[in-house]
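S.K.: Just passing along the structure, written as structure tokens.
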Amino acid sequence: MANTFTQIHIQVVFATQFRKAQISPLWESRLYEYIIGIFNFYGHRVLSINGMPDHIHILFGFNPDQSLSDLIQKVKASSSKWINEEKLSPSKFSWQAGFGAFSYTKSDVPKVIQYIQNQKEHHQKKTFLEEYKKILKDLEIEFDPRYIFKDLI
């Protein structure tokens with residue numbers, strides 16, 4: 001779009017179905033490369049991506065030509081299809097419904113990148129739910145605990 005200038009930095013967080021530890025260290029880097037390719041295809045720029053066996057964090061520069069919900073739906077659908085077609089997971093892989101999306105100023109970007117890159121160390125001290133609830137509380141986002149990412153039934 002002519003005469004449109006934006007600088008939108010978003011961290012998105014989403015989890016595997018029932019937060020089951022399905023993302024293997026053996027192929028997680030391939031998954032991240034695949035997801036980065038999806039973002040690039042739609043005109044967005046990934047600044048950092050990392051996670052744990054049950055969830056991922058992605059910080060990216062958002063292009064407002066597409067809705068955020070549409071982008072994340074496409075990322076989740078395409079990546080889960082790829083994981084299943086490549087038979088990377090021993091059981092059927094899927095992402096849990098929903099996601100968290102948080103915007104940051106340019107001055108916050110280095111801090112968020114470091115936070116995402118240190119996920120493995122960070123989760124030696126905090127669980128995913130503790131981490132996620134802390135993000136929501138720190139950003140003063142109201143939430144109902146019944147609708148936070150579900151555990152295995």
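The values are calculated or read from the model by the stated rules, or taken from the named source; none is laboratory data. These figures come from a predicted structure and were not determined experimentally. Positions of Cβ are backbone-derived with ideal geometry, glycine not excepted, and every protein chain shown enters the neighbour counts. Just so you know, the surface numbers come from the protein's heavy atoms only, side chains and all, with ligands and any DNA or RNA stripped out. Shrake-Rupley method; radii C 1.70, N 1.55, O 1.52, S 1.80 Å.
S.K.: Over the stretch 17-106, with the other protein chains present, what is the accessible area per residue in square angstrom, probe 1.4 angstrom?
M.R.: Solvent-accessible surface per residue comes out at 49 Å².
S.K.: While we're looking at this one, here's another question. Return the FRET efficiency for the residue pair Glu86, Phe18: r is the Cβ-Cβ distance, R0 is 25 Å, and the value is rounded to the nearest 0.05.
M.R.: 0.75
S.K.: Just order 47-55, 2-10 by mean Cβ neighbour count inside 10 Å, highest at the front, would you?
M.R.: So the order, starting with the most tightly packed, is 47-55, 2-10.
S.K.: So, with a 1.4 angstrom probe, what is the percent of accessible area on the stretch 8-83 that is carbon and sulfur?
M.R.: Summing carbon and sulfur atoms, their accessible area is 55 percent of the total for the stretch 8-83.
S.K.: What net charge do the residues around Asn50 carry, taking every other residue with its C-beta under 10 Å from that of Asn50, with Lys and Arg at +1 and Asp and Glu at -1?
M.R.: Within the 10 Å Cβ shell, the charges total 0.
S.K.: Here's a follow-up. Given R₀ = 30 Å, what would the calculated FRET efficiency be for Phe5 paired with Tyr34, taking r from the Cβ atoms and rounding to 0.05?
M.R.: 0.50
S.K.: What are the ³J(HN,Hα) couplings of the stretch 77-91, residue after residue, when phi is run through the Karplus curve with 6.51, -1.76, 1.60 and θ = phi - 60°? Round to Hz, x for glycine and proline.
M.R.: 5, 5, 5, 5, 4, 4, 4, 5, 5, 7, 6, 7, 9, x, 10
S.K.: Cα-Cα pairs above 24 Å in the stretch 1-143: how many percent?
M.R.: Result: 29 percent of Cα pairs exceed 24 Å.
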